[in-house]
Amino acid sequence: MTVLYFDPSLTDDERRARLFAGDLMVHRPTAHSMALVAFAREMVERAFAPHPPPIAQRHLAPREYVDILAGLKPSFINHPRSVELVRGILADLGADPAETYFDVPRLRSMTSDYLNAGLTLQFSPHRDTWFSAPMCQLNHWLPVYEVVEENVMAFHPPYFGTPAPNSSREYDYAEWVAHGRTAAARQVETETRPQPRLTEEIPLQPDLRVITPPGGVLVFSGAQLHTTVPNTSGRTRFSIDFRVVNRRDVEAGVGARNVDSACTGTTLGDFRRVCDLEPMPPELVAAASAAAGPSAVSAPPAAPAPRARHPRPSGARS
Ligand SMILES: [Fe+2]
């Protein structure tokens, strides 16, 4: 059984426990989520002017389109206002700012029957935990414009507690940081970077799709198997997502059960604390990394990041 909670009256501890058990949560738009949507629209509309962003793909050549995204996405990700508003959303949702850590907010664009690589890649079925996300990671996702069932993501809840054959064993997060993600803007129409994926076909229907209004916040475990739906809506989907962990969960090893993730490394070093933007303590990152096995490349040093911005653009999945 999978439960979809709408605006649950639960404490943050209760909420996380249910998300770790495979349930999903939707929160109605909050003051800060709507401010983040407004800020994203401002940036996206300026970048694609004079074309309305959801239909700009009809007017631009692929290279031109990708060049716009290559400037837009890092600007949004690293903008102090984006980071401030994510902190506000987490406060709106009742997360403890002294124990809660978050990764940079990503701006996603999923074109319709147009591009499917690099900055516009539509992800095949995956768990974020196949990409070195911690088992206690909670994904937060919100649409920037109206969405429909043909341009959101699909969940496959029967696999939450059931292994799915996959290639995560070949994924090394340190190697991805060193080589893979900087290549995103060079992947225009064909995706050549190896990504964890299903290695056998499994039944994925019926799936579950959640339609929230712009600014409505969908929260789910990073261990959920989910897919970017091939967009046939005729409109590009713009959405924002960010990942969240609670330090007490990291320390206690609490989270979703690992049924099939075998990747190397951890993304924990990318997380910053809500109250003061301090990075995740290096000893916790090192312990998680050691538990995931040795990397083939040297991990980047766990130096403190700048306080007002996050150092790394881009990233993976949603
Ligand atoms: Fe994902």
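Rule-based calculations on the coordinates, nothing more; no lab input. No experiment lies behind these values; they were computed from the predicted model shown. Don't worry about glycine lacking a Cβ; one is built from the backbone with ideal geometry, like all the others, and counts go over all protein chains shown.
Here are the numbers for this structure:
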quantity	calculated
Compactness of the stretch 4-291 - radius of gyration and Dmax, Cα, Å	17.9, 51
Long-range amide H partners of Thr264 with built H, under 5 Å	Tyr171, Asp172, Tyr173
Footprinting exposure proxy for Asp92, Asp276, Asp241, Asp103 (fewest neighbouring C-beta atoms within 10 Å first)	Asp276, Asp92, Asp241, Asp103
Virtual spin-label span in nm between Arg46 and Asp12, 7 Å along Cα→Cβ	3.1
Selection from Tyr101, Ala178, Ala290 lying farthest towards where the dipole of the chain points positive, charges on Cβ	Ala178
For the chain, the longest site-free run once GluC sites (Glu not before Pro) in DSSP loop states with at most 14 other Cβ atoms within 10 Å are removed	1-145
